[in-house]
Structures are given as C-alpha cells and as structure tokens.
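Chemist: Handing you a structure now.
The values are calculated or read from the model by the stated rules, or taken from the named source; none is laboratory data. Treat the numbers as computed from the prediction; the structure is a model and nothing was measured. For neighbour counting, all protein chains shown are included, and Cβ atoms are generated from backbone atoms with ideal geometry for every residue, glycine included.
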Amino acid sequence: MRQGLIRKGIATAVATVALLGGAAITAPSASAVTTAKCNLDEPDKDYYKIDTDRVNFRKGPGTGYTSLGLLTKGTKFTYYCTKTYPEVWWYGKVTSGPHKGQTGWVYADYVTY
C-alpha cells in the first residue's frame, strides 16, 4: 500500500512539473548525488532498507541493466532520486552489507522504511 501511495505522489509531482513546462524548484541536500536517468530528485533519505531477500542492485533503472550484485533483506539504503515510468526505480547508495558504499538502482517495490 505504501508503494502505491508513493507512486501516486510521484505521478502527481511529475504531471505537475509537466504542466508547468518543466519548471520546478528543488532544494536537495548538499550531499545529494543524482544521475541523468532520474526524473524526480529528492533530499537524501537514509532510513530505508531492502524488504525482500535477493534483490538485484543494478547499474541502471531497469532489468536490462547489469546487476551489481544481490542485496539481502535488511540491507540499508540511502535514497537519492527516482526514475518513474513505466516502472518506479530508486537510485541511491547501499549503507550496510557487502555492497556498502556502492551507488546503483533498486526496484522501488523492494524497498521499505
């Protein structure tokens, strides 16, 4: 249910920006790291974790991108930005476990707080 609400909120924000001609004012934190693949930037959120075992951590926002490895349930994840449509993917940094310090992409349905 939480992921559904997040998707609706993201979709609303993206639609609003589109209606305003792409103009949006954002104020990400100083440590925010983003990528050109993101279409919705957010301030760093460091209280997320992986909620499913054996989740692919990828180089890009989609299953066509190379896996950087598998994340296990409970792995902590700092969220930086989102790629929406046709699916919702989160870009961020792993902050615990074997991939600690690496940045990459996780399918949003596999992340919780």
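Chemist: So, in region 65-103, how many residues would count as being over 17 Å from A36 (Cα atoms) and of a type outside the set (S, T, N, Q)? Show your work before the answer.
Modeler: Filtering region 65-103 for residues over 17 Å from A36 (Cα atoms) gives 66-78, 94-102.
Filter once more, so that each one left must be of a type outside the set (S, T, N, Q): 68-71, 73-74, 76-77, 94, 97-101.
Count: 14.
Chemist: If the requirement is being in a strand (DSSP E or B) and charged (D, E, K, R), which of these qualifies: K100, K73, K93?
Modeler: Working: K100 fails: in a strand (DSSP E or B); K73 fails: in a strand (DSSP E or B).
The match here is K93.
Chemist: From the list D41, D109, which one is in contact with a helix residue (DSSP H, G or I) (Cβ under 9 Å, 6 or more places away or on another chain) and either of a type in the set (D, E, K, R) or at pLDDT below 95 (or both)?
Modeler: D109
Chemist: While we're here: Just for region 73-95: of the residues that are over 10 Å from the mean Cα position of the chain (by Cα) and surrounded by 16 or more Cβ atoms within 10 Å (Cβ to Cβ), which one is farthest from E42 (Cα to Cα)?
Modeler: T75
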